[in-house]
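The values are calculated or read from the model by the stated rules, or taken from the named source; none is laboratory data. These numbers were taken from a predicted model, which means no experiment stands behind them. Here the Cβ positions follow ideal geometry from the backbone for every residue, glycine too, while neighbour counts run over all protein chains shown. Surface accessibility is based on the protein's heavy atoms, side chains included, excluding ligands, DNA and RNA. Shrake-Rupley method; radii C 1.70, N 1.55, O 1.52, S 1.80 Å.
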Amino acid sequence: METFDPTELPELLKLYYRRLFPYSQYYRWLNYGGVIKNYFQHREFSFTLKDDIYIRYQSFNNQSDLEKEMQKMNPYKIDIGAVYSHRPNQHNTVKLGAFQAQEKELVFDIDMTDYDDVRRCCSSADICPKCWTLMTMAIRIIDRALKEDFGFKHRLWVYSGRRGVHCWVCDESVRKLSSAVRSGIVEYLSLIKGGQDVKKKVHLSEKIHPFIRKSINIIKKYFEEYALVNQDILKNKESWDKILALVPETIHDELQQGFQKSQNSLQRWEHLKKVASRCQNNIKNDKYGPWLEWEIMLQYCFPRLDINVSKGINHLLKSPFSVHPKTGRISVPIDLQKVDQFDPFTVPTISFICRELDAISTNEEEKEENEAESDVKHRTRDYKKTSLAPYVKVFEHFLENLDKSRKGELLKKSDLQKDF
(Lines give C-alpha, C1' and ligand atoms only; values in the text may rest on other atoms or scores of the structure.)
Protein backbone atom coordinates (compact mmCIF):
# COMPACT_ATOMS: atom_id res chain seq x y z
CA MET A 1 0.00 0.00 0.00
CA GLU A 2 1.48 3.35 -0.97
CA THR A 3 2.31 5.96 1.64
CA PHE A 4 -0.28 8.58 2.45
CA ASP A 5 0.61 12.27 2.33
CA PRO A 6 -1.65 14.34 4.65
CA THR A 7 -1.03 17.52 2.63
CA GLU A 8 -2.99 15.93 -0.25
CA LEU A 9 -6.02 15.27 1.96
CA PRO A 10 -8.16 18.32 0.98
CA GLU A 11 -8.03 17.40 -2.72
CA LEU A 12 -8.47 13.68 -2.07
CA LEU A 13 -11.52 14.27 0.14
CA LYS A 14 -13.22 16.23 -2.65
CA LEU A 15 -12.89 13.25 -4.96
CA TYR A 16 -13.81 10.75 -2.24
CA TYR A 17 -17.04 12.54 -1.26
CA ARG A 18 -17.95 13.22 -4.85
CA ARG A 19 -17.38 9.79 -6.33
CA LEU A 20 -16.60 7.10 -3.75
CA PHE A 21 -18.49 7.57 -0.49
CA PRO A 22 -21.34 4.96 -0.34
CA TYR A 23 -24.18 7.45 0.29
CA SER A 24 -27.13 5.24 -0.60
CA GLN A 25 -26.06 2.41 1.74
CA TYR A 26 -25.17 4.92 4.45
CA TYR A 27 -28.61 6.58 4.23
CA ARG A 28 -30.30 3.19 4.09
CA TRP A 29 -28.61 2.31 7.38
CA LEU A 30 -29.42 5.46 9.35
CA ASN A 31 -32.95 5.83 7.93
CA TYR A 32 -33.88 2.35 9.23
CA GLY A 33 -36.50 1.82 6.55
CA GLY A 34 -38.19 5.16 7.26
CA VAL A 35 -40.45 3.30 9.73
CA ILE A 36 -40.20 5.98 12.41
CA LYS A 37 -41.13 9.46 11.22
CA ASN A 38 -38.23 11.96 11.10
CA TYR A 39 -35.75 9.37 12.42
CA PHE A 40 -33.04 10.39 9.96
CA GLN A 41 -33.97 14.10 10.10
CA HIS A 42 -33.52 14.17 13.89
CA ARG A 43 -30.09 12.49 13.83
CA GLU A 44 -27.05 14.53 14.83
CA PHE A 45 -23.95 14.52 12.64
CA SER A 46 -20.82 16.38 13.55
CA PHE A 47 -18.09 17.40 11.10
CA THR A 48 -14.47 18.12 11.89
CA LEU A 49 -12.99 20.35 9.20
CA LYS A 50 -9.41 21.28 8.38
CA ASP A 51 -7.47 22.80 11.31
CA ASP A 52 -9.76 21.09 13.83
CA ILE A 53 -12.79 23.27 13.19
CA TYR A 54 -15.58 21.34 14.85
CA ILE A 55 -19.24 21.69 13.86
CA ARG A 56 -21.86 19.90 15.97
CA TYR A 57 -25.64 19.56 15.57
CA GLN A 58 -25.71 19.10 11.82
CA SER A 59 -28.83 17.37 10.50
CA PHE A 60 -30.27 16.63 7.06
CA ASN A 61 -33.64 16.11 5.41
CA ASN A 62 -32.64 13.24 3.15
CA GLN A 63 -29.79 11.54 1.32
CA SER A 64 -29.35 14.27 -1.26
CA ASP A 65 -29.22 16.95 1.45
CA LEU A 66 -26.49 14.97 3.26
CA GLU A 67 -24.54 14.50 0.02
CA LYS A 68 -24.63 18.20 -0.90
CA GLU A 69 -23.42 19.25 2.53
CA MET A 70 -20.64 16.67 2.68
CA GLN A 71 -19.45 17.66 -0.78
CA LYS A 72 -19.54 21.32 0.20
CA MET A 73 -17.75 20.88 3.57
CA ASN A 74 -15.44 17.93 2.72
CA PRO A 75 -15.10 17.00 6.42
CA TYR A 76 -11.82 15.54 7.70
CA LYS A 77 -13.87 13.47 10.13
CA ILE A 78 -17.56 12.58 10.50
CA ASP A 79 -19.09 11.64 13.85
CA ILE A 80 -22.58 10.25 14.39
CA GLY A 81 -24.63 11.22 17.43
CA ALA A 82 -28.10 10.50 18.78
CA VAL A 83 -31.58 10.84 17.36
CA TYR A 84 -33.05 13.87 19.16
CA SER A 85 -36.53 15.09 20.02
CA HIS A 86 -36.13 17.91 17.46
CA ARG A 87 -33.94 18.56 14.43
CA PRO A 88 -30.41 19.12 15.76
CA ASN A 89 -29.75 22.01 13.33
CA GLN A 90 -32.66 23.85 14.98
CA HIS A 91 -31.64 23.09 18.57
CA ASN A 92 -31.14 26.80 19.33
CA THR A 93 -34.77 27.55 18.53
CA VAL A 94 -36.14 24.94 20.96
CA LYS A 95 -36.97 26.08 24.48
CA LEU A 96 -34.39 25.23 27.10
CA GLY A 97 -34.51 21.64 28.32
CA ALA A 98 -36.83 20.42 25.54
CA PHE A 99 -34.04 19.35 23.17
CA GLN A 100 -33.27 15.78 24.32
CA ALA A 101 -31.31 12.80 22.97
CA GLN A 102 -33.88 10.01 22.61
CA GLU A 103 -32.32 7.07 20.81
CA LYS A 104 -29.00 5.79 19.56
CA GLU A 105 -27.28 2.54 18.67
CA LEU A 106 -25.44 0.92 21.57
CA VAL A 107 -21.79 1.59 20.73
CA PHE A 108 -18.44 0.25 21.92
CA ASP A 109 -15.02 1.78 21.41
CA ILE A 110 -11.88 -0.31 21.94
CA ASP A 111 -8.59 1.53 21.60
CA MET A 112 -5.13 -0.01 21.54
CA THR A 113 -3.67 2.76 23.76
CA ASP A 114 -5.64 1.30 26.70
CA TYR A 115 -3.42 -1.79 26.51
CA ASP A 116 -0.09 0.05 26.80
CA ASP A 117 0.70 -1.55 30.18
CA VAL A 118 0.51 -5.06 28.66
CA ARG A 119 1.98 -4.78 25.15
CA ARG A 120 5.72 -4.74 24.59
CA CYS A 121 5.90 -4.11 20.83
CA CYS A 122 4.28 -0.65 20.53
CA SER A 123 2.86 2.18 22.58
CA SER A 124 0.39 5.07 22.26
CA ALA A 125 -0.94 5.43 18.67
CA ASP A 126 1.33 2.79 17.12
CA ILE A 127 0.12 -0.67 16.21
CA CYS A 128 1.72 -3.68 14.53
CA PRO A 129 0.65 -7.22 13.58
CA LYS A 130 2.02 -8.47 16.93
CA CYS A 131 -0.46 -6.46 19.00
CA TRP A 132 -3.42 -6.38 16.58
CA THR A 133 -4.37 -9.83 17.98
CA LEU A 134 -5.66 -7.90 21.03
CA MET A 135 -8.35 -6.39 18.78
CA THR A 136 -9.14 -9.80 17.26
CA MET A 137 -9.68 -11.24 20.75
CA ALA A 138 -11.73 -8.19 21.80
CA ILE A 139 -14.08 -8.54 18.82
CA ARG A 140 -14.48 -12.28 19.40
CA ILE A 141 -15.18 -11.92 23.15
CA ILE A 142 -17.53 -8.92 23.00
CA ASP A 143 -19.36 -10.07 19.88
CA ARG A 144 -20.00 -13.55 21.31
CA ALA A 145 -21.48 -12.01 24.47
CA LEU A 146 -23.64 -9.49 22.57
CA LYS A 147 -24.99 -12.27 20.37
CA GLU A 148 -25.35 -15.17 22.81
CA ASP A 149 -25.71 -13.59 26.27
CA PHE A 150 -27.87 -10.63 25.23
CA GLY A 151 -29.44 -11.90 22.00
CA PHE A 152 -28.52 -8.80 19.95
CA LYS A 153 -28.73 -9.56 16.23
CA HIS A 154 -27.43 -6.54 14.31
CA ARG A 155 -23.82 -5.82 15.22
CA LEU A 156 -21.66 -3.74 12.90
CA TRP A 157 -17.92 -3.88 13.70
CA VAL A 158 -15.79 -1.15 12.15
CA TYR A 159 -12.04 -0.49 12.02
CA SER A 160 -11.35 3.02 13.32
CA GLY A 161 -8.73 3.78 10.64
CA ARG A 162 -5.80 3.81 13.02
CA ARG A 163 -5.50 1.90 16.30
CA GLY A 164 -8.85 0.47 17.33
CA VAL A 165 -12.30 -0.88 16.56
CA HIS A 166 -15.87 0.29 17.11
CA CYS A 167 -19.08 -1.70 17.39
CA TRP A 168 -22.60 -0.43 16.57
CA VAL A 169 -25.47 -2.57 17.91
CA CYS A 170 -28.44 -1.54 15.78
CA ASP A 171 -31.40 -3.69 16.90
CA GLU A 172 -34.55 -1.56 17.26
CA SER A 173 -35.03 -2.44 20.95
CA VAL A 174 -31.37 -1.64 21.70
CA ARG A 175 -31.57 1.86 20.18
CA LYS A 176 -34.25 2.72 22.74
CA LEU A 177 -32.22 1.65 25.82
CA SER A 178 -31.75 4.12 28.66
CA SER A 179 -28.34 5.26 29.79
CA ALA A 180 -28.69 3.15 32.97
CA VAL A 181 -29.29 -0.06 31.00
CA ARG A 182 -26.35 0.74 28.69
CA SER A 183 -24.15 1.18 31.77
CA GLY A 184 -25.31 -2.21 33.04
CA ILE A 185 -24.38 -3.90 29.76
CA VAL A 186 -20.90 -2.32 29.71
CA GLU A 187 -20.41 -3.23 33.37
CA TYR A 188 -21.25 -6.86 32.53
CA LEU A 189 -18.64 -6.80 29.73
CA SER A 190 -15.93 -5.16 31.87
CA LEU A 191 -13.40 -7.02 33.95
CA ILE A 192 -10.24 -4.90 34.01
CA LYS A 193 -10.54 -2.62 37.05
CA GLY A 194 -8.19 0.10 38.25
CA GLY A 195 -6.09 2.83 36.65
CA GLN A 196 -2.37 3.05 35.90
CA ASP A 197 -1.36 2.84 39.57
CA VAL A 198 -3.19 -0.44 40.16
CA LYS A 199 -0.96 -3.37 39.23
CA LYS A 200 -3.41 -6.24 39.62
CA LYS A 201 -6.48 -5.38 37.59
CA VAL A 202 -8.34 -8.71 37.55
CA HIS A 203 -9.71 -10.45 40.66
CA LEU A 204 -11.69 -13.62 40.09
CA SER A 205 -14.03 -14.96 42.73
CA GLU A 206 -14.31 -18.67 43.39
CA LYS A 207 -17.53 -18.91 41.40
CA ILE A 208 -16.57 -18.02 37.85
CA HIS A 209 -19.32 -16.50 35.73
CA PRO A 210 -20.01 -18.32 32.42
CA PHE A 211 -19.18 -15.09 30.53
CA ILE A 212 -15.67 -15.16 32.00
CA ARG A 213 -15.24 -18.90 31.33
CA LYS A 214 -16.26 -18.44 27.70
CA SER A 215 -13.94 -15.44 27.36
CA ILE A 216 -11.04 -17.48 28.76
CA ASN A 217 -11.76 -20.23 26.21
CA ILE A 218 -11.46 -17.65 23.41
CA ILE A 219 -8.21 -16.22 24.87
CA LYS A 220 -6.73 -19.75 25.16
CA LYS A 221 -6.86 -20.11 21.36
CA TYR A 222 -4.59 -17.10 20.92
CA PHE A 223 -2.60 -16.94 24.15
CA GLU A 224 0.45 -19.03 23.31
CA GLU A 225 1.22 -17.43 19.97
CA TYR A 226 0.16 -13.91 20.98
CA ALA A 227 1.46 -13.58 24.55
CA LEU A 228 4.27 -16.11 24.87
CA VAL A 229 5.76 -15.95 21.38
CA ASN A 230 4.96 -12.56 19.82
CA GLN A 231 4.76 -10.43 22.98
CA ASP A 232 7.22 -12.67 24.84
CA ILE A 233 5.68 -11.61 28.17
CA LEU A 234 8.20 -13.60 30.24
CA LYS A 235 11.25 -12.72 28.17
CA ASN A 236 13.46 -11.28 30.92
CA LYS A 237 13.45 -10.23 34.56
CA GLU A 238 11.90 -6.85 33.78
CA SER A 239 8.90 -8.45 32.06
CA TRP A 240 8.45 -11.34 34.50
CA ASP A 241 8.53 -8.94 37.47
CA LYS A 242 5.28 -7.49 36.09
CA ILE A 243 3.72 -10.94 36.26
CA LEU A 244 5.09 -11.67 39.74
CA ALA A 245 3.24 -8.54 40.90
CA LEU A 246 -0.01 -10.33 39.98
CA VAL A 247 0.57 -13.50 42.05
CA PRO A 248 0.85 -14.14 45.84
CA GLU A 249 4.24 -13.36 47.36
CA THR A 250 4.40 -16.84 48.90
CA ILE A 251 5.27 -18.33 45.49
CA HIS A 252 7.59 -15.56 44.21
CA ASP A 253 10.85 -17.32 45.14
CA GLU A 254 9.87 -20.61 43.57
CA LEU A 255 8.74 -18.85 40.40
CA GLN A 256 11.94 -16.74 40.21
CA GLN A 257 14.14 -19.82 40.47
CA GLY A 258 12.24 -21.66 37.76
CA PHE A 259 12.18 -18.60 35.49
CA GLN A 260 15.96 -18.23 35.73
CA LYS A 261 16.50 -21.87 34.72
CA SER A 262 14.05 -21.71 31.79
CA GLN A 263 15.02 -20.76 28.24
CA ASN A 264 11.97 -18.81 27.07
CA SER A 265 8.46 -17.52 27.82
CA LEU A 266 6.82 -20.83 26.86
CA GLN A 267 8.87 -22.78 29.41
CA ARG A 268 8.40 -20.10 32.09
CA TRP A 269 4.63 -20.14 31.58
CA GLU A 270 4.58 -23.96 32.00
CA HIS A 271 6.55 -23.56 35.24
CA LEU A 272 4.08 -20.92 36.48
CA LYS A 273 1.14 -23.23 35.72
CA LYS A 274 2.77 -26.09 37.68
CA VAL A 275 3.47 -23.93 40.73
CA ALA A 276 -0.05 -22.47 40.58
CA SER A 277 -1.73 -25.87 40.40
CA ARG A 278 0.32 -27.06 43.39
CA CYS A 279 -1.03 -24.04 45.27
CA GLN A 280 -4.53 -25.10 44.34
CA ASN A 281 -4.01 -28.59 45.69
CA ASN A 282 -3.00 -27.13 49.02
CA ILE A 283 -6.42 -26.79 50.66
CA LYS A 284 -5.55 -23.58 52.53
CA ASN A 285 -4.74 -21.87 49.25
CA ASP A 286 -7.63 -23.07 47.13
CA LYS A 287 -8.18 -19.49 45.95
CA TYR A 288 -5.14 -19.76 43.62
CA GLY A 289 -4.93 -22.58 41.10
CA PRO A 290 -6.23 -22.00 37.58
CA TRP A 291 -7.56 -18.65 38.86
CA LEU A 292 -3.97 -17.46 39.02
CA GLU A 293 -3.11 -18.21 35.41
CA TRP A 294 -6.59 -17.09 34.28
CA GLU A 295 -6.21 -13.73 36.06
CA ILE A 296 -2.91 -13.18 34.24
CA MET A 297 -4.37 -14.23 30.87
CA LEU A 298 -7.33 -11.90 31.36
CA GLN A 299 -5.20 -8.96 32.46
CA TYR A 300 -3.01 -9.34 29.36
CA CYS A 301 -5.72 -10.16 26.80
CA PHE A 302 -9.25 -9.22 27.92
CA PRO A 303 -11.02 -6.34 26.07
CA ARG A 304 -10.69 -2.86 27.55
CA LEU A 305 -13.79 -0.80 26.80
CA ASP A 306 -14.19 2.97 27.00
CA ILE A 307 -17.21 2.90 29.34
CA ASN A 308 -18.27 6.54 28.77
CA VAL A 309 -18.66 6.07 25.02
CA SER A 310 -21.15 3.25 25.58
CA LYS A 311 -23.30 4.60 28.38
CA GLY A 312 -24.07 8.09 27.08
CA ILE A 313 -26.91 8.27 24.56
CA ASN A 314 -25.69 11.62 23.23
CA HIS A 315 -22.04 10.51 22.93
CA LEU A 316 -20.62 10.94 19.42
CA LEU A 317 -18.69 8.18 17.67
CA LYS A 318 -16.69 8.26 14.47
CA SER A 319 -18.72 7.24 11.45
CA PRO A 320 -18.04 4.22 9.25
CA PHE A 321 -16.42 5.29 5.94
CA SER A 322 -14.90 8.36 7.56
CA VAL A 323 -11.21 8.87 6.67
CA HIS A 324 -8.54 8.94 9.36
CA PRO A 325 -6.69 12.23 8.75
CA LYS A 326 -3.36 10.94 10.15
CA THR A 327 -3.15 7.55 8.40
CA GLY A 328 -5.48 8.25 5.45
CA ARG A 329 -7.11 4.85 6.05
CA ILE A 330 -10.85 4.47 5.55
CA SER A 331 -12.89 3.44 8.57
CA VAL A 332 -14.22 0.20 7.07
CA PRO A 333 -16.66 -2.48 8.30
CA ILE A 334 -15.07 -5.76 9.44
CA ASP A 335 -16.44 -9.08 8.19
CA LEU A 336 -17.33 -11.12 11.30
CA GLN A 337 -16.79 -14.34 9.32
CA LYS A 338 -13.16 -13.32 8.73
CA VAL A 339 -12.12 -11.56 11.94
CA ASP A 340 -8.86 -13.54 12.17
CA GLN A 341 -7.91 -12.58 8.62
CA PHE A 342 -8.65 -8.86 9.04
CA ASP A 343 -5.42 -6.89 8.61
CA PRO A 344 -5.51 -3.14 9.35
CA PHE A 345 -2.39 -2.64 7.22
CA THR A 346 -4.18 -3.78 4.07
CA VAL A 347 -7.14 -1.43 4.60
CA PRO A 348 -7.07 1.00 1.66
CA THR A 349 -6.00 4.59 2.15
CA ILE A 350 -7.89 7.42 0.52
CA SER A 351 -4.89 8.14 -1.73
CA PHE A 352 -4.81 4.52 -2.89
CA ILE A 353 -8.49 4.32 -3.89
CA CYS A 354 -8.38 7.77 -5.53
CA ARG A 355 -5.38 6.66 -7.62
CA GLU A 356 -7.27 3.47 -8.56
CA LEU A 357 -10.20 5.61 -9.65
CA ASP A 358 -7.95 7.96 -11.65
CA ALA A 359 -6.36 5.06 -13.49
CA ILE A 360 -9.74 3.59 -14.41
CA SER A 361 -11.30 6.96 -15.28
CA THR A 362 -8.52 7.74 -17.73
CA ASN A 363 -9.17 4.47 -19.58
CA GLU A 364 -12.91 4.98 -19.60
CA GLU A 365 -13.12 8.62 -20.56
CA GLU A 366 -12.67 7.81 -24.23
CA LYS A 367 -15.40 5.16 -24.10
CA GLU A 368 -17.89 7.36 -22.30
CA GLU A 369 -17.57 10.58 -24.23
CA ASN A 370 -20.64 9.73 -26.28
CA GLU A 371 -22.71 8.31 -23.42
CA ALA A 372 -24.81 10.61 -21.30
CA GLU A 373 -24.84 9.04 -17.83
CA SER A 374 -26.36 10.13 -14.56
CA ASP A 375 -23.93 11.06 -11.78
CA VAL A 376 -25.57 8.66 -9.31
CA LYS A 377 -25.24 5.69 -11.63
CA HIS A 378 -21.66 6.69 -12.29
CA ARG A 379 -20.83 6.86 -8.59
CA THR A 380 -22.52 3.54 -7.81
CA ARG A 381 -20.10 1.95 -10.20
CA ASP A 382 -17.12 4.03 -9.07
CA TYR A 383 -16.43 2.55 -5.63
CA LYS A 384 -16.92 -0.94 -7.12
CA LYS A 385 -13.83 -0.36 -9.25
CA THR A 386 -11.62 0.24 -6.20
CA SER A 387 -10.32 -1.65 -3.16
CA LEU A 388 -13.21 -0.15 -1.18
CA ALA A 389 -15.66 -2.55 -2.89
CA PRO A 390 -15.30 -5.62 -0.60
CA TYR A 391 -15.84 -3.46 2.50
CA VAL A 392 -19.00 -1.89 1.07
CA LYS A 393 -20.18 -5.43 0.37
CA VAL A 394 -19.73 -6.35 4.05
CA PHE A 395 -21.81 -3.25 4.93
CA GLU A 396 -24.51 -4.23 2.42
CA HIS A 397 -24.72 -7.72 3.89
CA PHE A 398 -25.28 -6.16 7.33
CA LEU A 399 -28.01 -3.89 5.87
CA GLU A 400 -29.78 -6.84 4.20
CA ASN A 401 -30.08 -8.58 7.58
CA LEU A 402 -31.44 -5.36 9.11
CA ASP A 403 -34.04 -5.11 6.32
CA LYS A 404 -35.06 -8.74 6.69
CA SER A 405 -35.64 -8.49 10.40
CA ARG A 406 -37.54 -5.19 9.99
CA LYS A 407 -39.85 -6.80 7.43
CA GLY A 408 -40.31 -9.74 9.78
CA GLU A 409 -41.31 -7.41 12.61
CA LEU A 410 -43.79 -5.54 10.39
CA LEU A 411 -45.37 -8.84 9.29
CA LYS A 412 -45.68 -9.93 12.91
CA LYS A 413 -47.39 -6.64 13.81
CA SER A 414 -49.82 -6.85 10.90
CA ASP A 415 -50.67 -10.47 11.79
CA LEU A 416 -51.33 -9.48 15.39
CA GLN A 417 -53.61 -6.66 14.26
CA LYS A 418 -55.55 -9.11 12.05
CA ASP A 419 -56.12 -11.32 15.07
CA PHE A 420 -58.02 -8.59 16.96
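Modelled spin labels at Glu400 and Ile208, positioned 7 Å past Cα toward Cβ, are 3.9 nm from each other. Asp126 sits with roughly 90 Å² accessible to a 1.4 Å probe, with DNA, RNA and ligands left out of the calculation. Surface exposure of the chain, expressed per residue as accessible area with a 1.4 Å probe, stands at 49 Å². A simple spin-label model places the labels of Lys221 and Arg144 0.7 nm from each other, with each point 7 Å out along Cα-to-Cβ. Each Lys and Arg contributes +1 and each Asp and Glu -1, all at the Cβ; summed about the Cα centre of the chain, the dipole is approximately 1340 debye.
When we measure straight from the Cα of Lys207, which lysines land under 28 angstrom away, once same-chain ones fewer than 8 places off are left out? Reachable lysines: Lys147, Lys193, Lys199, Lys220, Lys221, Lys242, Lys273, Lys274, Lys284, Lys287, Lys311.
Sort region 159-245 into rounded, prolate or oblate with this rule: let a ≥ b ≥ c be the square roots of the eigenvalues of the Cα gyration tensor; rounded if a/c is under 1.5, and if a/c is not under 1.5, prolate when a/b is larger than b/c, oblate otherwise. It comes out prolate by the Cα gyration axes.
Computed from Cα atoms, the angle from the helix 129-144 axis to the main principal axis of the chain rounds to 80 degrees. Taking the centroid of alpha carbons for each part, region 1-37 and region 127-183 are 22 Å apart. Among Ser173, Ser160, Ser85, the largest mean-square fluctuation in a Gaussian network model of the chain (Cα springs under 10 Å) belongs to Ser173. Here the relative contact order of the chain, from alpha carbon pairs under 8 Å that lie six or more residues apart, stands at 23 percent. Fully extending the segment from Leu246 to Cys128, taken as 0.36 nm per residue of separation minus the present Cα-Cα distance, adds 39.8 nm. Relative contact order of region 183-302, taken over Cα pairs closer than 8 Å and 6 or more residues apart, is 32 percent. Label positions at Ile53 and Asn31, each projected 7 Å from the Cα along the C-beta direction, are separated by 3.0 nm. Which angle from 0 to 90°, rounded to the nearest 10, does the C-alpha axis of helix 350-368 make with the longest principal axis of the chain? So the inclination is approximately 30 degrees. Surface composition of region 193-301: carbon plus sulfur atoms hold 48% of the accessible area, using a 1.4 angstrom probe and ignoring ligands, DNA and RNA. Ligands, DNA and RNA aside, Lys176 has an accessible area near 100 Å² when probed at 1.4 Å.
For the residues Thr93, Thr133, Thr327, a GNM of the chain with alpha-carbon springs under 10 Å puts the largest fluctuation on Thr93. GNM remark for the chain: springs join alpha carbons under 10 Å apart, and the peak mean-square fluctuation among Gln41, Gln25, Gln196 falls on Gln196.
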